[in-house]
1. Which members of the range 107-134 meet the condition of being surrounded by fewer than 16 Cβ atoms within 10 Å (Cβ to Cβ), modelled with pLDDT of 95 or more and assigned to a strand (DSSP E or B)?
2. Return a yes/no flag: does the range 148-161 have any residue that is under 22 Å from TYR49 (Cβ atoms), under 13 Å from the mean Cα position of the chain (by Cα) and outside any helix (DSSP H, G or I).
3. Would you mind stating whether LEU89 is surrounded by 14 or more Cβ atoms within 10 Å (Cβ to Cβ) and farther than 29 Å from TYR203 by Cβ?
4. Checking the structure you have, find out if any residue of the range 179-187 is among the charged types (D, E, K, R), modelled with pLDDT of 95 or more and surrounded by fewer than 15 Cβ atoms within 10 Å (Cβ to Cβ).
5. For THR65, are the conditions met, namely being touching an Asp or Glu at 6+ places or on another chain (Cβ under 6 Å) and hydroxyl-bearing (Ser, Thr, Tyr)?
6. Among (1) buried (at least 20 other Cβ atoms within 10 Å of the Cβ); (2) free of Cβ contacts under 8 Å to residues at least 60 places away in the same chain; (3) touching a helix residue (DSSP H, G or I) at 6+ places or on another chain (Cβ under 7 Å), there is one condition VAL99 misses while meeting the rest; what is its number?
7. Please enumerate the residues belonging to the range 69-83 that are surrounded by fewer than 13 Cβ atoms within 10 Å (Cβ to Cβ) and among the hydroxyl-bearing types (Ser, Thr, Tyr).
8. Tell me which residues, restricted to the range 178-198, are within 18 Å of ASN136 (Cβ to Cβ) and outside any strand (DSSP E or B).
Amino acid sequence: MKTKENQHTPALKKYYNVVKNGLFLFGLRNRLANLGIDINPYYWVEEEYKKCDVPKIKDDASQYTLKYLTHDQVKSITQHYGTYYNEVLKGLEKGQLCVGLEHRGEIACYTFVDLKDFEFKGRLFKLKPNEAYLLNMWTFSEYRGKNLAPYLRYQTYRLLEERGITAKYSITQYFNKSSIKFKNKLNSKHHFLYLSVVLFKKYEWNFTLKKY
């Protein structure tokens, strides 16, 4: 299985995409986290709290196929991403699902789904039988700008409905404007603004900043 993106993507292009998508502060936060200073404000979001229309792909939609990705497929498309790769494997082992859009034999984008209780930055989130947590949305660079993220997310909602899932939640980093923008297209609603502070992977605090 092929993807259009790999570990050789020029560093300059990556930084350009960060600035272009309004992710400078998001990137700065990640840099500080790598140094041991992890200050992470984030939203607890309900996606599609009221039904939305099907997002339109800025391409020939008939060329894209919705599918569940196997463990081997997930390993293939994430193996170049270091720590993230290990986190993905742990998620799969715990039963997470991965849904993707395939374009002419290549995975264009994907997202993960967790149906079990989970912990994020020391805070426990409990899910009811009709609830799901969506995470790790990713679109490969050659397919960005085609509105694939909201389209895939919408189609994932429909797959979850077949499983009896009627409420979909996710976490959005406060500084990740790109993620906020695509979720807004799907009638998403913020319920809480939380703040996680972790210093040198040793000291950890969690705060509720706002309830909407």
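The values are calculated or read from the model by the stated rules, or taken from the named source; none is laboratory data. Just so we're clear, the structure is a prediction, and the values are computed from it rather than from any experiment. Neighbour counts run over all protein chains shown; Cβ positions are idealised from the backbone, glycine included.
1. LEU124, PHE125 - these are the residues of the range 107-134 that are surrounded by fewer than 16 Cβ atoms within 10 Å (Cβ to Cβ), modelled with pLDDT of 95 or more and assigned to a strand (DSSP E or B).
2. No, that holds for no residue.
3. no
4. The answer is no; no qualifying residue exists.
5. Yes.
6. Single failed check for VAL99: (2).
7. THR70, THR83
8. Answer for the range 178-198, where residues must be within 18 Å of ASN136 (Cβ to Cβ) and outside any strand (DSSP E or B): SER178, SER179, ILE180, LYS181, PHE182, LYS183, LEU186, SER188.
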